[in-house]
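What follows is one structure encoded as structure tokens, with my remarks underneath.
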Amino acid sequence: MVVPGSQHIEDKMYHPPEGLQKDAHVPDFNCYLELYKKSIEEPDVFWKEVASDFYWKKPPTGQILQYNFDVTKGNIYVKCMEGATTNMCYNVLDRNVKDKNLGERVAFYWEGNSPDHHEAITYGQLLGQVCRCSNTLKQMGVRKGDRVAIYLPMIPELVYTMLACTRIGAVHSIVFAGFSAESLCERIMDSQCSILVTADGVYRGEKLINLKQIADEALEKCREKCLARLQTLLPDPYQTSPIKNQIKSRLSIPQQNLLHSRRQTPWDAACDVCWEEVMGQVSEQCEPEWLDAEDPLFILYTSGSTGKPKGVLHTVAGYLLYTSLTFKYVFDHQPDDVYWCTADIGWITGHSYITYGPLANGATSVLFEGIPVHPHVGRFWEVIEKYRVTKFYTAPTAIRLLMKYGLDPVQKYDLSSLRILGTVGEPINPEAWHWYHEVIGQKRCPVVDTFWQTETPRSGLLLQVFRRPWPGIMRTVYGNQERFESTYFKKFPGFYVTGDGCRRDKDGYYWIAGRIDDMINVSGHLLSTAEVEASLTDHGAVAEAAVVSRPHAVKGECLYCFVTLKDCREFNRTLVDELKRQVREKIGPIATPDFIQNAPGLPKTRSGKIMRRVLRQIARNEKDLGDLSTMADPKVVEVLFNHRCETA
Ligand code: WT7
């Protein structure tokens, strides 16, 4: 194993301990190579074998993978298991409970924000709750193909709802519960969701977040936008559909552990439905809807370079095959494992490696509502000890954060249950890797680095572009095939472009070097510079804005914003605070800029394009700017250096 890192390459090799290799699904490199070769040379045989583990109501009719990756030859498409019919929920639940007799096995150890709140949920119980929720959704009018917006914290009901959608053939669109009302509204509108599922609130650490209130605000915004749209679209009567398609009702979950009472939650009896009241009244049985292999499974929004989030669409069969296989091999899943992925289900990592991948394998997982530093900075290690976690999967940003507190909080707990560690989300720097390997893994646990994206659940070998698809690759941008093709396939006809740069070392290992587009990776989450710029220029004082990344000790990268003010507006602390708040409100707390600097002028080419490379260098205080011959007015550079922000 090679030490990953974004800055420099280390020569030292680390091999997994022998005991662990012996019983592994992929015990050594040759075995890996064989599997890899088979997947490339005989994809049909390879995937048929994976598919044979699952239930298909009807078998596929043609080749397992059919595709066109070449824009010059027509529309881009990928199809997996064409002709087959199946159901995701049936495969991850009924199959485990009925065929494999795992009804009594724990699916999730739910651990709340407070260590006093916890609950074990077996596969049998999970199936019952999911069926109840399926019946509830049906009762509320949700039908196959309808989109359901889910705005929930990390509580079991989030899993119930997403699986209920897949059971009845509805398409879930989960919006991370840290997003703002504006972001939620935008996502609901884009995929025309007909129902919103939310909770009254959640504690994140000490902080109470009133989710229902934010959700109500989002729906109010949707209503306003629909009305505005309606006015511009009249008099064509057929164009009135957007308003018809909007949220009809919202299902809301009262959270037991909140201090405030239900009565304080805003409630509108005309459209609000209380989870507890309806769930008790429906049956625990629900026939799954048999879907085509390529029917949509879910939509998940990711940042796009135009600033408008893209609804990445995934489909049923491919996602099942891909997440189940990668989970099994990458984490070397064994029946006695207790697995914990610390991501939020609101992100793709959670979709793939908290819900679908682990459940497809009948795994036992920890589902964690809290944050790493509450009620103390040893919380992660405490949870590992409490559930005897064997496989632990987290992000470099969390490792860097926890490293700061030294060894004491780690040494208080028994981490001897750990066997494999994983990281995801961004390149891991050598310092964080070594700490993870030595202090957490006690030098006995291999560290698996898993590169992939919302678009492409994929692990293992890394390439910047891909010539062929795999079952778990995205199928389109919801409602915008043209954007799908131009974003990923137009740059190099015949290839899928990830947007990441990578290097190959002398041993043939690939090192992901980070984004090569206008995307910034903050704490493992991609943000588009255009989206942040748009929320800055929405402010009355700002004429123009340009956002670049700057290295950050914990977040990996952070946002450094240059703003040009309108004439007669003054740049001061109050304005900076206002701008930060504005971005926070428009996008969400993860997008809060660290630096906002006054930019009386921006470096531009003669054709008017902002020279981001130069801005990045100014943000990092790199004085040697290289070739500036294409710049329209080189004088702006000195002014920008004079206005630099040293501290956030
Ligand atoms: C982008 C995708 C993978 C799910 C979480 C983020 C970066 C992701 C790694 C890694 C280096 C990584 C890439 C990628 N990235 N994992 N192990 N090493 N970079 O999903 O928000 O769609 O972001 O995250 O830049 O393109 P996402």
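Taken together, the values in this text are just the output of simple stated rules run on the coordinates, not laboratory data. The structure displayed is predicted, hence computed values, not measured ones. Neighbour counts are summed over all protein chains in view; Cβ atoms, including those assigned to glycine, are modelled from backbone coordinates with ideal geometry.
Of M519, M13, how do they rank once you tally other Cβ atoms within 10 Å and put the fewest first?
Working: M519 21, M13 10.
Fewest to most other Cβ atoms nearby, the residues stand as M13, M519.
Each peptide among 442-451, 41-50 gets the average number of other Cβ atoms lying within 10 Å of its residues, and from highest to lowest they stand as 442-451, 41-50.
Quick one: Cα centre-to-centre distance for the range 288-319 and the range 327-360, in angstrom? Cα centroid of the range 288-319 versus Cα centroid of the range 327-360: 19 Å apart. Other residues lying with their Cβ under 12 Å from the Cβ of E224 contribute a combined charge of +1, Lys and Arg counting +1, Asp and Glu -1. Scanning residues 5 or more positions from T122 or on other chains, those with amide H under 5 Å from its amide H are A107, with H placed 1.01 Å from N in the peptide plane. The modelled label-to-label distance for the pair I40/R503, using points 7 Å beyond Cα in the direction of Cβ, is 2.3 nm.
Which residues does the label zone of N101 cover in the range 49-66, counting backbone N under 20 Å from a point 7 Å along Cα→Cβ? The answer is 53-55.
Past 24 Å, Cα to Cα, is the threshold; run K490/K555; K207/K308; K79/K391; K221/K310; K490/K586 against it and keep the listed order. Flagged as over cut-off: K490/K555; K207/K308; K79/K391; K490/K586. The range 22-73 and the range 112-191 have Cα centres spaced 30 Å apart. Which of the lysines could a cross-linker span from K38 if the Cα-Cα distance has to be under 19 Å and same-chain partners fewer than 8 positions apart are dropped? Cross-link targets: K48, K328.
By counting other Cβ atoms within 10 Å of each Cβ, how are K22, K412 ranked from fewest to most? Could you put the intermediate results ahead of the total?
Numbers: K22 8, K412 12.
So the residues, fewest neighbours to most, are K22, K412.
Give me D633, D500 ranked fewest to most by other Cβ atoms within 10 Å of their Cβ, as a rough exposure proxy.
Lowest count first: D633, D500.
In summary, the aspartates and glutamates within cross-link reach of K506, defined as a Cα separation below 15 angstrom excluding same-chain residues under 8 places away, comprise E10, D11. Computed from the C-beta positions of L628 and L227 and an R0 of 51 Å, the FRET efficiency is 0.55 to the nearest 0.05.
Remark: spin-label model distance Q442-Q21 equals 2.2 nm, labels positioned 7 Å along the Cα→Cβ axis. For Q453, the residues whose amide H sits under 5 Å from its own are R458, ignoring neighbours fewer than 5 places away on the same chain, with H placed 1.01 Å from N. Extending 7 Å from the Cα toward the beta-carbon at both K609 and D53 defines two label points whose distance is 4.6 nm.
So what are the chain's ellipsoid semi-axes, whole angstrom, largest first, if each one is the square root of 5 times an eigenvalue of the alpha-carbon gyration tensor?
Over the Cα atoms of the chain, the ellipsoid semi-axes are 36, 32, 27 Å.
Electrostatic bookkeeping for V316 treats Lys and Arg as +1 and Asp and Glu as -1; over the other residues with beta carbon under 9 Å from its beta carbon, the sum is -3.
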